[in-house]
1. Scan (1) free of Cβ contacts under 8 Å to residues at least 60 places away in the same chain; (2) in a helix (DSSP H, G or I); (3) under 23 Å from residue 577 (Cβ atoms) for the single condition residue 457 breaks and write down its number.
2. Test residue 439 against the criterion of being under 17 Å from residue 589 (Cα atoms), at pLDDT 75 or above and surrounded by fewer than 13 Cβ atoms within 10 Å (Cβ to Cβ), and give yes or no.
3. Of the residues 201, 229, only one is modelled with pLDDT of 85 or more and closer than 28 Å to residue 53 by Cα; which?
4. Does residue 557 satisfy being closer than 28 Å to residue 452 by Cα, out of contact with any helix residue (DSSP H, G or I) (no Cβ under 6 Å at 6 or more places or on another chain) and without any contact (Cβ under 8 Å) to a residue 60 or more places away in the chain?
5. Which of the residues spanning the range 508-543 are surrounded by fewer than 22 Cβ atoms within 10 Å (Cβ to Cβ), within 30 Å of the chain's Cα centre (by Cα) and not in a strand (DSSP E or B)?
6. Among the candidates 200, 298, 265, 271, which residue alone is in contact with a helix residue (DSSP H, G or I) (Cβ under 7 Å, 6 or more places away or on another chain) and either surrounded by 18 or more Cβ atoms within 10 Å (Cβ to Cβ) or outside any helix (DSSP H, G or I) (or both)?
7. Of the numbered conditions (1) touching a strand residue (DSSP E or B) at 6+ places or on another chain (Cβ under 8 Å); (2) surrounded by fewer than 19 Cβ atoms within 10 Å (Cβ to Cβ); (3) modelled with pLDDT of 90 or more, residue 110 satisfies every one except a single condition; which is it?
8. Inspect the range 238-251 for any residue being assigned to a helix (DSSP H, G or I), in contact with a strand residue (DSSP E or B) (Cβ under 6 Å, 6 or more places away or on another chain), buried (at least 22 other Cβ atoms within 10 Å of the Cβ) and modelled with pLDDT of 80 or more and give the result as yes or no.
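The values are calculated or read from the model by the stated rules, or taken from the named source; none is laboratory data. What you are looking at is a predicted structure, and each value in this text was computed from that prediction instead of being measured. Every residue, glycine as well, gets a Cβ built from its backbone with ideal geometry; the counts of neighbours run over all protein chains shown.
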């Protein structure tokens, strides 16, 4: 710590204050990021559930609508008992009317060729009469596809017969259809001798191609996607086509040694809903996943939301906040250095004057009395200088003090003027070398060392340029300070808005200026937001001179912009500012100025 003790007071003061400012900025940025991220995730979760549920409802609605088709055909067969021709017409009509169907079949329970009991042991199926009608969609026409095998052992026939209820089958590769499909089998019954007896099933086939199109149409950002699994976890749809009908979510989890994916798969096939963090099964990219079941067939839909894309906004906001924090840090550092210099400068001057007098410049020696009441450097120097003043002539003392004070004021005014001019952008031309859509030039010449006029311009984003021109009431240092505060508030509020609005920016700056304004200072201000692509200019005029619009052909046609009838900033809180819009054509110019232009007079000499 010896190196710190050897430092000057200005350095110690700057170090301590800047350390505190750095800590405060770090805490604010951390809290802002955490709170914003939490709110963002909650909103993403809500939207994810809504999107997943809406898609599941859409698929479920299609499946429920498809279930009515075999139910209606089964009722017709039971009630009307159509012959072969009528049955064929009925099935073909249903297939023609419902484009989502790939095939439809009416499969009747086989009947014995003799009076033997088909359920008796040793009964030969060659002694049975099999009867069915099956039509599939082939390109732009319908064709009959005979079922030339004993269909009784197959799940699509046997399961609804045994359970006595309609079921959706697991996806399978249809031999007749030549495509991956799922079937919905609806049993029907006939009255015989006063008893209901199983009569067969009506079965519809849905190709999974339409289901893949529905799920793949669900886009979330650039890399988000959705997938569908069956009751046992088999992938029905997935962007990676190698997984479809070849892998289950459990086999993929096992291959990647990922127990979390295995647990998510277990919840999905159990019919649960959920929202959780998820890693891609193929790229390990980070996602959030919402999953929900399909009540119609017990399958489950998962929708993946890419974390890096959805969090891009909060990361951009964090960068903006960090930039503002860094800018505020350097601004505070500059203010601290100025204050430190102002505090220590009189001490240095006083010590130097005492040393010069002690060296004999005024033919006198410096007395060095010390009082027990004063123990710091300032008091000791003040007492020493006061003792020297008493030993000198009153005239020399007054002259020395007056001269030192004048030099100090002039120096401070020069420094203030340099600081003020340093705040204003002054790199011309061009201020934006990479931008060829527009030209920009500004200049300011204060009437005194420092003044209250201001201008600024900066890009809000790649497409919008914000620029301001204003005039603070009064002159000198107070006006310059009010100007610096106004310029900082404008840039802070303009960049902090998610939606660009000149009126909202002026309302926020006006409230900040009017809230603590005991000196009743005010500033007239023109603020414009220019779209460099479309040429649209949104502006708000807070009591400032109306700018002039210059014709593109450089003729003498000059038109003042319509005013927004708003008041100067700092006069009254909670004033509602208004906005107007114009569109500048290529080659048009806008001339914005302060009253320094209109009040200027010719040199009469």
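1. Tallying (1) free of Cβ contacts under 8 Å to residues at least 60 places away in the same chain; (2) in a helix (DSSP H, G or I); (3) under 23 Å from residue 577 (Cβ atoms), residue 457 fails exactly one: (2).
2. Details: under 17 Å from residue 589 (Cα atoms): yes; at pLDDT 75 or above: yes; surrounded by fewer than 13 Cβ atoms within 10 Å (Cβ to Cβ): yes.
Yes, satisfied.
3. Working: 201 fails: closer than 28 Å to residue 53 by Cα.
Exactly one residue qualifies, and that residue is 229.
4. Taking the combined requirement at face value, the residue does not satisfy it.
5. 508, 511, 512, 532, 533, 534, 535
6. Details: 200 fails: in contact with a helix residue (DSSP H, G or I) (Cβ under 7 Å, 6 or more places away or on another chain); 298 fails: in contact with a helix residue (DSSP H, G or I) (Cβ under 7 Å, 6 or more places away or on another chain); 271 fails: in contact with a helix residue (DSSP H, G or I) (Cβ under 7 Å, 6 or more places away or on another chain).
Every option except 265 fails the conditions.
7. (3)
8. First, pick out the residues of the range 238-251 that are assigned to a helix (DSSP H, G or I): 249-251.
When the remaining residues are screened for being in contact with a strand residue (DSSP E or B) (Cβ under 6 Å, 6 or more places away or on another chain), the result is 249.
From what is left, the residues that are buried (at least 22 other Cβ atoms within 10 Å of the Cβ) are 249.
Among the residues that remain, those that are also modelled with pLDDT of 80 or more are: 249.
There is at least one residue in the range 238-251 that is assigned to a helix (DSSP H, G or I), in contact with a strand residue (DSSP E or B) (Cβ under 6 Å, 6 or more places away or on another chain), buried (at least 22 other Cβ atoms within 10 Å of the Cβ) and modelled with pLDDT of 80 or more.
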